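Student: My questions will all concern the structure given below.
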Amino acid sequence: MNRKECRSAEDGSGVHVVLGNEACDLDSMVSALAFAYFLAKTTANPAVVPVLNIRRSEFPLRPENTFLLREAGLPQEGLLFRDEIDLQALHRTGRLALTLVDHNILPRADGSLEGAVVEVIDHHHLDRVPSPSCPLTVEPVGSCATLVTEHISQRAPEVLDRQVAQLLYGTIVLDCVNMAPEAGKVTPKDSQYVALLEARFPDLPPRGALFDALQNAKFDVSGLSTEQMLLKDMKAESGGDVSLAVSVVYVILETFLQRPGLQQELCEFCHRHRYSVLVVMTISFNERKEPFRQIAVYSASTALREQVSQALERAQNPDLNLSPMSSPYADVKAYLQGNTLASRKKVMPILKTFLRGLEGRTRHYGEVEDLGELEDQFDPSRCPPFEEDTRLRWCSASRRHRHPTPEEEDSQVPPTPMNSLVEGCPLDNGPPRFSAEAILEKFGRMAEENSEEDASSGGP
């Protein structure tokens, strides 16, 4: 795309963004990259942009993502992150089209973008109301990348080159636990498209070796702080005045609960990110590579902690088969999850149903009839000393939706990840704010560079 085409896009056609979910796991990232590449090759829109739905500074916390990009020969510098594009501004000027991959409904903080959604490809529980104006591809397969592979192979098989295939292949193999039926993730469609990729590109890395490398990268939490472990693979939902986060942590729960000062860190984490409740799902594998799952529920509110715990205990679709475990902290309820096939994808609908029950009615948290009264349950001695008005700010946040305002988001610069993966961060002095025009110009330059590369390599 040259500058003239960029100006045309600014004046009329706008930008088509392919947006993954807010966890930005490997499936979300690759689905966004591959489907945006497919659209760029098969539609007339001159500006198709994959956007990774996290801040750039958080990307080093996803080493499996960086590993697969490196193996496929794709530089991270060319990626676009959520803090580098103003989707709200594009939408306000009528220049945004939005395709959702690996999720089918926008979080409440992005609710104003709903009118821009033109297509959805996802493998989670369907929460979106079907509409003739928005095609839905929602199937309970093991990996969203399977559905993207299906789209490309059926509609434009010539787009499926070796580089795109390696991204999709590695993602499906990781999501489906090396295609092992006993893990309960793989479906016949996943197996079908893994076999298709292997047949078309016999020089793809050996399946087992690729899975082990990605799994080792994903489960490497050495050097991460508690906050980084929680942010590494986290999704959030809200209902009523309650905001809830679910983090997948890649160590056994006993090890996580033994981290020094953990209760204090959990309290700080919920304050900082305005969460009423934090659910931690741990996953590890035994020597036979079978999954082992545990769950912990944290909240400074006893009533909220109990209600979320009861929702999980009583769930029937699926039954999590929870067995209480001892916890070193009064604010943390811990469980062994007997149903090892119930991943977060299956637990989230349980929690969404609980949160929907809080909508449109007076909440009763034990003896508390309003979230404003949670101030009475907040014990500042459980956390480190705060400024005088911190307790009031937390309680005020409890009475409203927990997502920060745009002004707050602009002022919140995430800490540089302090681990072995990164020494420093270009965002240490604050995230850049790009205008819509700057985004279009940036992708115009990238398109010119890539068109020269495509002439010789055919890669994305």
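The values are calculated or read from the model by the stated rules, or taken from the named source; none is laboratory data. Predicted, not measured: the structure shown is a model, and the values here were computed from it. FYI the Cβ positions are ideal-geometry reconstructions off the backbone, even for glycines, and counts take in every protein chain you see. Areas reflect the complete protein model, heavy atoms only, side chains present, ligands, DNA and RNA absent. Shrake-Rupley method; radii C 1.70, N 1.55, O 1.52, S 1.80 Å.
Student: Those residues that are surrounded by fewer than 21 Cβ atoms within 10 Å (Cβ to Cβ) and in contact with a helix residue (DSSP H, G or I) (Cβ under 6 Å, 6 or more places away or on another chain), I need them from the range 221-236; list them, please.
Tutor: Val221, Thr226, Glu227, Gln228
Student: Do you know which residues across the range 284-304 are touching a Lys or Arg at 6+ places or on another chain (Cβ under 7 Å) and more than 15 Å from Leu257 (Cβ to Cβ)?
Tutor: Ser299, Ala300
Student: Would you point out which residue out of Thr99, Thr43 is out of contact with any His (no Cβ under 6 Å at 6 or more places or on another chain) and at pLDDT 95 or above?
Tutor: Answer to the check: Thr99.
Student: When both residues are 6+ apart or on different chains and their Cβ atoms are under 7 Å apart, which pairs have a first residue that lies in the range 111-131 and is free of Cβ contacts under 8 Å to residues at least 40 places away in the same chain, and a second that is part of a strand (DSSP E or B) and open to solvent by 50 Å² or more (accessible area, probe 1.4 Å)?
Tutor: Taking only residues 6 or more apart or on different chains, the pairs are Val120/Leu136; Arg128/Leu136; Pro130/Leu136.
Student: If you don't mind, there's one more thing I want to ask. I'd like to verify a number: residues in the range 285-308 that are of a type in the set (A, V, I, L, M) and either open to solvent by 60 Å² or more (accessible area, probe 1.4 Å) or not in a helix (DSSP H, G or I) (or both), how many?
Tutor: Total meeting the criteria: 4.
Student: What is the number of the single condition among (1) outside any helix (DSSP H, G or I); (2) open to solvent by 20 Å² or more (accessible area, probe 1.4 Å); (3) at pLDDT below 95; (4) touching a strand residue (DSSP E or B) at 6+ places or on another chain (Cβ under 9 Å) that Ala23 does not meet?
Tutor: If we test Ala23 against (1) outside any helix (DSSP H, G or I); (2) open to solvent by 20 Å² or more (accessible area, probe 1.4 Å); (3) at pLDDT below 95; (4) touching a strand residue (DSSP E or B) at 6+ places or on another chain (Cβ under 9 Å), just (2) comes out false.
Student: Please go through the range 196-218 and give me each residue that is open to solvent by less than 50 Å² (accessible area, probe 1.4 Å) and either more than 13 Å from Ala145 (Cα to Cα) or free of Cβ contacts under 8 Å to residues at least 24 places away in the same chain (or both), ordered by number.
Tutor: Result: Phe201, Leu204, Pro205, Gly208, Leu210, Phe211, Ala213, Leu214, Gln215, Ala217, Lys218.
Student: Show me the strands (runs of 3 or more DSSP E) found entirely inside the range 96-189 where at least 1 residues are charged (D, E, K, R) and open to solvent by less than 10 Å² (accessible area, probe 1.4 Å).
Tutor: Fully inside the range 96-189 and qualifying: 117-122.
Student: Which of the residues that make up the range 255-268 are surrounded by fewer than 21 Cβ atoms within 10 Å (Cβ to Cβ) and either without any contact (Cβ under 8 Å) to a residue 40 or more places away in the chain or over 20 Å from Pro324 (Cβ atoms) (or both)?
Tutor: Answer for the range 255-268, where residues must be surrounded by fewer than 21 Cβ atoms within 10 Å (Cβ to Cβ) and either without any contact (Cβ under 8 Å) to a residue 40 or more places away in the chain or over 20 Å from Pro324 (Cβ atoms) (or both): Thr255, Arg259, Pro260, Gly261, Gln264, Glu265, Glu268.
Student: Here is a check on your reading of the model: is Asp203 within 19 Å of Ser284 (Cα to Cα) and of a type in the set (Asp, Glu)?
Tutor: Here the answer is no, as Asp203 does not meet what is asked.
Student: Checking the condition modelled with pLDDT of 95 or more and of a type in the set (Gly, Ala, Ser), which residue from Ser28, Ser57, Ser13 passes?
Tutor: It is Ser28.
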